[in-house]
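Below you'll find the structure, written out as structure tokens, and then a few comments.
The values are calculated or read from the model by the stated rules, or taken from the named source; none is laboratory data. Being a predicted model, the structure only gives us computed values, none of them experimental. Cβ coordinates were reconstructed from backbone atoms using ideal geometry, including for glycine residues, and neighbour counts include every protein chain displayed.
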Amino acid sequence: MFQEYFAQSDLLVWPLIGLIIFLVSFVGVILYVGWGLRDAEKREYLARLPLAGDGDQNASESKGRTC
């Protein structure tokens, strides 16, 4: 029953296009992580990126809080 319904549908190409886009972007990220981050300096820079910031911003945030 479902095979007949889906066989006549013209919209089945959209899930396939979405799957292909997802797979291409997933493989791209895997390749970037595997080959693009071989440089130790770049990995170190990216690892410290969340901690890098303006020291004054953290100090002003802590002054406003009262615990």
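Would you pick out the residues in segment 1-51 that are among the polar types (S, T, N, Q) and more than 19 Å from the chain's Cα centre (by Cα)?
Within segment 1-51, Gln3, Gln8, Ser9 meet the criteria.
Consider segment 1-27 and keep the residues that are in a helix (DSSP H, G or I) and of a type in the set (Gly, Ala, Ser). The one that is surrounded by the fewest Cβ atoms within 10 Å (Cβ to Cβ) is Ala7. When segment 1-42 is filtered for residues that are modelled with pLDDT under 80 and acidic (Asp, Glu), the ones remaining, listed by number, are Glu4, Asp10.
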